[in-house]
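Asker: Handing you this structure, nothing more for now.
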Amino acid sequence: MITRTAALLVAAGIGFGPAQAQDWPQRPVTMVVSAAAGGPIDVFGRIMAERMGQVLGQQVVIENVPGAGGMIGGSRVAKAAPDGYTALLGTIATHAHSQTLYKKPLYSATADFAPVNLIAEIPLVLIARKDLPVNSLEEFVAYAKANQGKMNFGSAGAGSATHLGCILLNQALATNIQHVPYKGTGPAMQDLQAGRIDFLCEIIVTAVPQIEAGTVKAIATLSRDRSPVLPDLPTAFEKGFKDIQAYTWTALFFPKDTPAPIVGKMRDAALKTMADPKVRQQLQKLGATIVSDERTTPDYLGKFVQSEIDKWAGPIKASGAVVDQ
């Protein structure tokens, strides 16, 4: 007979034994997405969730919890019971930017979660107004250095991935170009198309339609490898700018103290999902690059998160976008 104390421990997700972990999941699993419905990360999560539910034998339900640069959703999971029924589709915003961008983060990205696995990286792409007199990254660099006092770049808002990507670009080029923050990608893209700003460092999936329509000019993908959605566009890395790697990424996290066997089963389900040809094709259409197998372990993800916090701390502080809350 289970004692009242033991029952409470099990209900709280504590004291899981092999039998409980083996039986998991026995009901739907909630995957929190810290962004509004309809955006690239939400679409990404729904593609993953549908197939993962089939692999697990239980539905994986998306719960959109936007706000505070992803921290509201991250906090929802950090405070959840470590029973395997609440997971986070984490991003560079929830687990790297937030730790420096906010003076008082709602959680510790390294201490309050059980890492499951890194899934994919989605690069940013440098795009310019169509009449900017450059046609390559080399020409852009020369033009920016000569005209930096007259140029400006837009972003989806101070502290956003699009802002910090261009800050990283500024630092690598040793330029000081004026930042124009917008309330979202939409208005920034509209002003770029109208020629009111000079360039954006945009998430690739939202940039591709404008590139293909010829309303903006693609300069370079800000990553190591070329993107499957823009295979002919050179990367900053191959042009010799090895420090210009700007992207967002996706990864799965449970609350800390989630039993290792459940973490393992969730990871296995994610790997099977990532290996599915239909899923891979759908994710690649979003501009995502599925990470290599050696980068999918919980240990790797834990170290990766710390390295990302360290990498972006400098650009965030240099941007002056730190939020006092």
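Asker: Within region 45-62, work out how many residues are under 17 Å from the mean Cα position of the chain (by Cα), open to solvent by 10 Å² or more (accessible area, probe 1.4 Å) and not β-branched (Val, Ile, Thr).
Answerer: The qualifying residues number 1.
Asker: If you don't mind, another one. Would you pick out the residues in region 20-44 that are surrounded by 13 or more Cβ atoms within 10 Å (Cβ to Cβ), among the small types (Gly, Ala, Ser) and within 17 Å of Leu286 (Cα to Cα)?
Answerer: Within region 20-44, Ala35, Gly39 qualify.
Asker: When region 54-76 is examined, which residues are found to be in contact with a Gly (Cβ under 7 Å, 6 or more places away or on another chain) and within 22 Å of Val279 (Cβ to Cβ)?
Answerer: Gln59, Val60, Ile62
Asker: Output yes when any residue across region 252-264 is open to solvent by less than 10 Å² (accessible area, probe 1.4 Å), in a helix (DSSP H, G or I) and touching a residue at least 40 places away in the same chain (Cβ under 8 Å), and no when none is.
Answerer: The answer is yes; a qualifying residue exists.
Asker: Looking only at region 44-76, which residues are of a type in the set (A, V, I, L, M), farther than 19 Å from Ala21 by Cα and modelled with pLDDT of 95 or more?
Answerer: If the condition is that a residue be of a type in the set (A, V, I, L, M), farther than 19 Å from Ala21 by Cα and modelled with pLDDT of 95 or more, then Ile47, Met48, Ala49, Val61, Ile62 are the ones that fit.
Asker: Starting from residues that are assigned to a helix (DSSP H, G or I) and more than 15 Å from the chain's Cα centre (by Cα), keep the ones in region 73-82 and report whichever is surrounded by the fewest Cβ atoms within 10 Å (Cβ to Cβ).
Answerer: Top of the filtered list is Arg76.
Asker: From the list Ala213, Ala161, pick out the single residue that is over 24 Å from Ala142 (Cβ atoms) and open to solvent by 30 Å² or more (accessible area, probe 1.4 Å).
Answerer: Step by step, each of Ala213, Ala161 is checked, and only Ala213 is over 24 Å from Ala142 (Cβ atoms) and open to solvent by 30 Å² or more (accessible area, probe 1.4 Å).
Asker: Which of the residues that make up region 275-294 are of a type outside the set (Ser, Thr, Tyr) and open to solvent by less than 50 Å² (accessible area, probe 1.4 Å)?
Answerer: Result: Asp276, Val279, Leu283, Leu286, Gly287, Ala288, Ile290, Val291.
Asker: So for region 173-190 (the condition being in contact with a Lys or Arg (Cβ under 6 Å, 6 or more places away or on another chain) and closer than 15 Å to Ile127 by Cβ), does at least one residue qualify?
Answerer: no
Asker: Would you confirm, using the coordinates I've provided, whether Glu238 is part of a helix (DSSP H, G or I) and more than 18 Å from Gly154 (Cα to Cα)?
Answerer: Judged against the criteria, Glu238 is not a match.
Asker: What are the pairs, 6+ residues apart or on separate chains, where a residue within region 310-325 that is hydroxyl-bearing (Ser, Thr, Tyr) has its Cβ under 7 Å from a residue that is surrounded by 13 or more Cβ atoms within 10 Å (Cβ to Cβ) and in a helix (DSSP H, G or I)?
Answerer: Ser319/His163; Ser319/Leu164; Ser319/Ile167
Asker: When region 83-116 is examined, which residues are found to be open to solvent by 10 Å² or more (accessible area, probe 1.4 Å), among the small types (Gly, Ala, Ser) and at pLDDT below 95?
Answerer: Within region 83-116, just Ala93 meets the criteria.
Asker: List the number of the failed condition for Lys272; all other conditions in (1) of a type in the set (D, E, K, R); (2) within 20 Å of the chain's Cα centre (by Cα); (3) open to solvent by 70 Å² or more (accessible area, probe 1.4 Å) hold.
Answerer: Here Lys272 meets the rest and fails (2).
Asker: Of all the residues that make up region 280-299, how many are under 18 Å from the mean Cα position of the chain (by Cα), part of a helix (DSSP H, G or I) and more than 15 Å from Ala109 (Cβ to Cβ)?
Answerer: 6
Asker: Look through region 210-235, keep the residues that are in contact with a Pro (Cβ under 7 Å, 6 or more places away or on another chain) and in a strand (DSSP E or B), and return whichever of them is farthest from Arg295 (Cα to Cα).
Answerer: The selected residue is Ala220.
Asker: Another one. Taking Pro234 as the residue in question, decide whether it is in contact with a strand residue (DSSP E or B) (Cβ under 9 Å, 6 or more places away or on another chain), modelled with pLDDT of 90 or more and either open to solvent by less than 40 Å² (accessible area, probe 1.4 Å) or within 20 Å of Gln284 (Cβ to Cβ) (or both).
Answerer: yes
The values are calculated or read from the model by the stated rules, or taken from the named source; none is laboratory data. Given the structure is predicted, the values throughout are model-derived calculations rather than measurements. Virtual Cβ from ideal backbone geometry, glycine too; neighbours counted across all protein chains shown. Side chains included, ligands, DNA and RNA excluded: accessible areas come from the protein's heavy atoms. Shrake-Rupley method; radii C 1.70, N 1.55, O 1.52, S 1.80 Å.
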